[in-house]
């Protein structure tokens, strides 16, 4: 190492180290960092061709695979972390805070706390709310009120697809058109609404794209693809579908949808006989089997911690931080400082 201008021969030798910068072996990152540490005071005459910050990130990621002879002592790590720009890397910030917290304790078992930095998180897309489908426990279908219909319903559009459209290749085309036009509880572009999903779950409609397909499974899948503003809002229709999804054993005894109207229209108004009778039968059935209904027990949602604890000096005594030094190769004992 020299703090004066290198001779031509010395410069050529130093330039050869640039060819090693592409080596991704765990020990190679450690060796490059040691070169950076050794030349900290003469970076104007012996500049390293690699980024100390990037090398530190890679070294931290592969620290468990670095051989003992190449490991960086804690003091060297802190010096390198102090020299590089940590502001854009949560990994480097956390490593710096971790080591500083561990060194701040006086007793081996004394714990220290440090704040955790997290990478920049993009704003979650509203579609991600679909992942919260199972977090809603909707028991609306177990309620019984005299004004039940008026409180929970508006117009619902439904056109039952012909049976031949739900088998084989036509079924593929039907699903493709369904996703293209959209569907909802009250009817989408093709008037596919609550009653279509209900008939799939109860087996009144057979939907089979290929051998072994189950209409019940198709219904359960399509229910999860309903608009989030409907799946995340409690209501009678959604509550009925949820109960049937979670309690398949009940579907064979559920009331069947039968449209016996003389004049069949796609739009059904609140209070219309065919709908009122079906919903009343479903409500009575749900209340009767309320005690046997199964609801999933969801684990608590993970919440990232704002702080972490480290066992101070005991943490630094771990073998990962021990670096063998042979100051006198003839001595009978060797001290392994952290």
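Laboratory data are not the source of any read-out in this text; all were calculated from the coordinates shown. Computed from a predicted structure; not experimentally measured. In this analysis, Cβ positions are derived from the backbone assuming ideal geometry, glycine residues included, and neighbour counts consider all displayed protein chains.
Calculate the FRET efficiency for residue 88 and residue 62 from the Cβ-Cβ distance with a Förster distance of 35 Å, rounded to the nearest 0.05. Let's see the in-between values first.
Details: r = 20 Å, r/R0 = 0.58.
E between residue 88 and residue 62, to the nearest 0.05, is 0.95.
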Test of understanding: what is the full-extension gain from residue 177 to residue 22, defined as 0.36 nm times their sequence separation minus their Cα-Cα distance?
50.7 nm
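For 289, 44, what ranking results if the residue with the fewest other Cβ atoms within 10 Å of its Cβ goes first? Please list the in-between numbers first.
Working: 289 16, 44 9.
Sorted ascending by nearby Cβ count, the order is 44, 289.
Got a sec? How would 298, 201 order by Cβ neighbour count within 10 Å, fewest to most? Write down the numbers at each step before the final one.
Numbers: 298 10, 201 26.
Placing the least packed residue first, the sequence is 298, 201.
State the Kirkwood hydrodynamic radius of region 171-239 in Å, one decimal place, computed from all pairs of distinct Cα atoms. Kindly include the intermediate steps, with their values, before the conclusion.
Details: mean 1/r = 0.0810 Å⁻¹.
Averaging 1/r across every pair of different Cα atoms and inverting gives 12.3 Å.
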Mind sorting 252, 177 by how few other Cβ atoms lie within 10 Å of their own Cβ, fewest first?
252, 177
